[in-house]
Amino acid sequence: MAKTKVMLMQGNTAVVEGAIAAGVKFYGGYPITPSTEIAEGMAKRLPMVGGKFMQTEDEIAGLGTVIGASLGGLKAMTATSGPGFSLKQEMIGLACNAEVPCVIVDVQRVGPSTGQPTSPSQGDVMQTKWGTHGDHWVIVVSPSSVPECFTLTQRAVALAEKYRVPVIMLMDEIVGHMRERIELPVSYDDIPKVERKRPTCPPEEFLAYAADESKVPAMADFGSGYRWHVSGLVHDETGFPKGAGSATRESQDRLRGKIMAHRDDIIQVERYKLDDAEFAIIAFGGAARTAYDAIDMARARGLRVGMMRPITIWPFARHEVSDLAKSVKGILVHELNCGQYVISVKAAVEGRCPVHLYAKYDNESATPEDMLAEIERAMKEDGLL
Amino acid sequence: MRQTFRLGGTGGQGLITAGIILAEAALLDGYLAIQSQSYGPEARGGSSKAEVIISDEPIHFSRVTHPETLLVMSQEAADKFAHDCTAKSLVITDSLFVSNVAANGAKRIDLDITRTATRVCGKPLFANIVALGAVVGITHCVSEKALTQAVLDRVPKGTEDANKKALAAGFELAAKAGK
């Protein structure tokens with residue numbers, strides 16, 4: 001058993017440690033509340049492991065440098081909050097189309113625009129899916145605790161490398177700023193690092209976007225002797241732009257396929273007290289923390305309530321939600337916005353059971369007492385109480 | 001065992017640091033702890049609060065509702081952060097800054113925290129550590145040993161002696177209040 005140390009740590013700091021443990025060697029970004037501790041922490045930690053930190057002139061350049069570092073062969077990440085996440089959208093599209101692995105942490109704040117910088121919100125759910133223009137497929141994950149910030153950042157890096165895709169770590173101020181107990185290995189040397197697939201053919205035979213059955217092409221580090229063209233334009237296997245309709249179709253099919261063919265590897269949900277539940281809460285990130293307590297309070301009153309907590313937000317846990325709708329008689333979606341994730345939940349439930357929304361958007365997380373009242377109200381409506 | 005704390009004051013008084021130290025002391029004693037905070041966009045000034053939950057069971061919801069112990073070190077914090085106290089709550093005030101607290105019948109103890117810091121350490125800067133000593137001296141939520149260790153782990157080098165004095169002064173304020 002590796003030696004560990006116990007400490008009190010902030011969620012944002014645990015993201016930093018997760019990134020270092022995963023082998024991230026470059027961070028480019030622009031500090032913004034409530035994500036600033038990630039930039040601060042990376043600035044301190046990266047030089048200790050031979051990495052580089054760059055504070056860029058703006059948010060767009062932050063992700064631009066990350067894409068460049070990744071093309072150079074490094075595991076690279078940035079962090080931001082809503083206003084900066086909006087600015088990064090064009091670069092996210094480039095990373096999608098050019099298939100450049102990168103991790104973007106979005107510690108959400110109340111929006112739109114500069115909104116409420118220090119208050120919790122989950123208003124960026126749909127933006128993580130559809131923020132950049134055009135059909136595109138990214139992976140979005142959301143942690144609910146400080147220890148999970150550490151492990152899920154490692155997973156975000158691994159998924160980005162494995163599938164050559166931007167992975168967005170969707171956080172909120174609750175989890176980003178709270179401090180709780182975490183037990184970390186003293187050394188990260190024994191933590192396995194996931195490496196992107198690199199070409200094994202001679203450089204002259206290299207086709208930058210030729211994929212095997214995994215649908216993920218091998219990626220050559222810039223400067224390693226393999227020459228290839230990186231473009232945001234639709235391209236063929238060579239990486240050079242191609243205007244044919246077939247090129248667009250083939251490209252879109254593969255970019256979608258490389259994610260959806262591996263959905264079982266990508267999608268994770270946590271099930272809490274669902275085995276005998278007749279009513280389920282769906283909540284993620286910091287909002288899920290309220291649900292654990294509300295469920296325990298409901299159970300103390302004899303109500304059979306459980307929770308499905310999506311850890312992977314996108315791609316959507318369609319099968320998991322659909323199966324849940326077959327096993328319970330009602331679902332309550334709780335999110336700290338006016339109702340975003342609930343849209344996809346309703347689509348997956350397809351009317352099998354009622355779907356209620358507990359939307360909260362007043363700068364504060366819901367208390368367990370608030371949520372218990374919502375559970376009882378919804379269960380009454382469904383004739384379960 | 002489960003205890004909840006809210007520490008409120010003006011940004012710059014060091015109450016978020018105090019909350020972190022209290023939670024770290026709880027971990028040293030083998031408890032679980034969560035610290036959270038809220039503050040405005042200002043770097044200094046404005047009201048800020050830190051909340052701490054100490055428990056021997058897993059803690060999920062991270063905010064404090066109906067604090068068992070509320071420390072207020074400014075009148076504005078007293079006005080803003082006492083609304084959900086109950087008759088079972090304990091409100092500790094810094095008597096230099098706080099006169100009125102509407103805390104729903106909570107028990108109230110006024111302590112001369114900031115003036116004590118200035119008297120003992122020469123600077124009001126140590127008021128947060130004096131306050132921590134007083135809170136722990138009154139509530140016994142963590143051991144004095146763990147609190148001392150947590151303070152020394154967190155404060156800048158060269159300030160250890162002043163911080164130890166501040167803690168001792170806080171324990172003394174608590175002891176006097178208990179009489």
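Read-outs: derived from the displayed coordinates by stated rules, not from any lab. Remember, it's a predicted structure, so these values are computed and weren't measured experimentally. Every residue, glycine among them, receives a Cβ derived from its backbone with ideal geometry; neighbour counts consider all protein chains shown.
Structure notes:
- Convex hull volume of the C-alpha atoms in chain B, normalised per residue: 107 Å³.
- Within chain A, helix-based [θ] at 222 nm, where runs of 4 or more DSSP H residues each add -39,500 (n - 2.57), nearest 500: -11500 deg cm²/dmol
- Taking a point 7 Å from the Cα of A:A347 along the Cα-to-Cβ direction, the residues of region A:302-316 with backbone N closer than 11 Å to it are A:316.
- Under Karplus coefficients 6.51, -1.76 and 1.60, residue-wise ³J(HN,Hα) of region B:87-95 in Hz, glycine/proline x: 4, 8, 6, 10, 10, 10, 10, 8, 5
- The ranking of A:D264, A:D172, A:D323 by Cβ neighbour count inside 10 Å, starting from the fewest, reads A:D264, A:D323, A:D172.
- ³J(HN,Hα) computed for each position of region A:252-257 - Karplus, 6.51 cos²θ - 1.76 cosθ + 1.60, integer Hz, glycine/proline x: 5, 4, 6, 5, 6, x
- Sorting A:T4, B:T116 from the fewest to the most surrounding beta carbons within 10 angstrom yields A:T4, B:T116.
- All lysines inside 22 Å of A:K215 as judged from Cα atoms, apart from same-chain residues fewer than 8 positions distant: A:K75, A:K129, A:K162, A:K193, A:K197, A:K242, A:K258
- Gyration tensor (Cα) of region A:268-381, equivalent ellipsoid semi-axes in angstrom: 18, 17, 13
- 5 Å-binned pair-distance histogram of region A:4-185 (Cα, whole percent): 1, 10, 20, 24, 23, 14, 6, 2, 0, 0
- Among B:H140, B:H60, B:H83, the largest mean-square fluctuation in a Gaussian network model of chain B (Cα springs under 10 Å) belongs to B:H60.
- Chain A: angle of helix A:59-71 to the longest principal axis, Cα-based, in degrees nearest 10: 60 degrees
- Normalised by residue count, region A:114-238 yields a Cα convex hull volume of 171 Å³ per residue.
- Relative contact order %, region B:2-178, counting alpha carbon pairs below 8 Å whose residues are six or more apart: 21 percent
- Entry note, chain A: relative contact order of 16 percent, from Cα contacts under 8 Å with a spacing of 6+ residues.
- Candidates A:L152, A:L170, A:L274: whichever shows maximal mean-square fluctuation once chain A is modelled as a Gaussian network with Cα springs under 10 Å: A:L274
- For the protein assembly as shown, the alpha-carbon coordinates run over 85, 62, 47 Å along the three principal axes, in decreasing order.
- Region B:105-165 gives an Rg/Rh value of 1.00, both radii derived from C-alpha positions and Rh following Kirkwood.
- Remark: A:R318, A:R309 ranked as A:R318, A:R309, counting other beta-carbon atoms within 10 Å and listing the fewest first.
- Cross-link partners for A:K329 among the lysines, with Cα-Cα distance under 18 Å and sequence neighbours closer than 8 places in the same chain left out: A:K273, A:K346, A:K380.
- Antiparallel bridge percentage (DSSP; both residues within the protein assembly as shown; nearest 5): 45 percent
- A cut-off of 5 Å between modelled amide H atoms, ignoring neighbours fewer than 5 places along the same chain, links A:I313 with A:V140, A:V141, A:S142.
- Cα-based Rg of region A:139-182 normalised by 2.2 N^0.38 Å, two decimals: 1.18
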